[in-house]
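Down below is the structure, laid out as structure tokens.
The values are calculated or read from the model by the stated rules, or taken from the named source; none is laboratory data. As the structure is a prediction and not an experimental result, all values here were calculated from the model. FYI the Cβ positions are ideal-geometry reconstructions off the backbone, even for glycines, and counts take in every protein chain you see.
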Amino acid sequence: MESKTKIEADFRDFVTARSAALHRSAFLLTGNWATAEDLVQTALTKTYLAWRRIGDIGSVEAYARRVLFTTNVSWWRRMWRNEHPTEQLPESPGTDHTDAHVERDLMWRFVLKLPPKQRAVLVLRYYEDMSEAETASMLGVAAGTVKSQCSRALANLRTQLAEAGIEMAATNRHGRRPAT
């Protein structure tokens with residue numbers, strides 16, 4: 001049986017090495033840094049509590065990511081429905097860099113309108129670069145579900161872009177713009 005000190009040291013090493021990646025994924029899922037931080041803290045707490053059960057150190061990140069995604073879906077289901085996001089953000093002090101990020105921001109606004117399962121599939125498949133099988137395993141669903149959720153999510157994004165009057169650039173079969 002591992003000593004408490006050894007468990008805490010191993011957990012600290014894991015948090016140091018992987019928390020930034022977990023925060024990025026959580027932000028992509030929630031669209032809000034504060035909520036993402038809460039989500040990561042919850043996932044890390046659950047991971048620490050299950051540390052002895054997890055066993056093999058290689059499966060810790062997979063476990064933490066699964067907790068992150070399932071907790072996000074759970075939170076979304078319980079979310080208070082009377083709050084509505086606004087289109088206008090409050091002014092922020094400092095240099096304005098919005099011009100450089102308009103297209104990316106607009107795309108993420110569309111992604112954030114997707115249902116949580118579709119958003120999770122897109123984040124895992126295209127941001128985390130996981131295969132369909134890895135995504136299915138992470139979310140605890142069949143590979144066919146990943147394919148259908150991904151297809152629906154991309155169709156939903158295309159519809160949103162068309163409704164906003166945005167013409168999509170030509171892309172290859174992987175969804176990437178061809179090299180010029």
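Worth a mention:
- Selection within the range 24-47 - out of contact with any Ser or Thr (no Cβ under 9 Å at 6 or more places or on another chain) and surrounded by fewer than 17 Cβ atoms within 10 Å (Cβ to Cβ): Arg24, Gly31, Asn32, Trp33, Ala34, Thr35, Glu37, Gln41, Thr45
- If you filter the range 3-23 down to residues that are in contact (Cβ under 8 Å) with a residue 12 or more places away in the chain and either hydrophobic (A, V, I, L, M, F, W, C) or surrounded by fewer than 11 Cβ atoms within 10 Å (Cβ to Cβ) (or both), you find that the one that is farthest from Lys113 (Cα to Cα) is Ile7.
- Set Leu29, Leu39: member being modelled with pLDDT of 90 or more, closer than 26 Å to Val73 by Cβ and not small (Gly, Ala, Ser): Leu39
- Residues of the range 57-79 satisfying the condition of being modelled with pLDDT under 65 and either assigned to a helix (DSSP H, G or I) or of a type in the set (S, T, N, Q) (or both): Ile57, Arg77, Arg78
- The helices (runs of 4 or more DSSP H) falling completely within the range 84-180 that include 2 or more residues that are modelled with pLDDT of 85 or more, more than 17 Å from Leu28 (Cβ to Cβ) and charged (D, E, K, R) map to 143-163.
Yes/no matrix, rows are residues, columns are (1) of a type outside the set (Asp, Glu); (2) in contact with a helix residue (DSSP H, G or I) (Cβ under 6 Å, 6 or more places away or on another chain):
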{"site": "Asp10", "(1), (2)": "no, no"}
{"site": "Ser19", "(1), (2)": "yes, no"}
{"site": "Leu22", "(1), (2)": "yes, yes"}
{"site": "Leu29", "(1), (2)": "yes, yes"}
{"site": "Asp38", "(1), (2)": "no, no"}
{"site": "Thr42", "(1), (2)": "yes, yes"}
{"site": "Lys46", "(1), (2)": "yes, yes"}
{"site": "Leu49", "(1), (2)": "yes, no"}
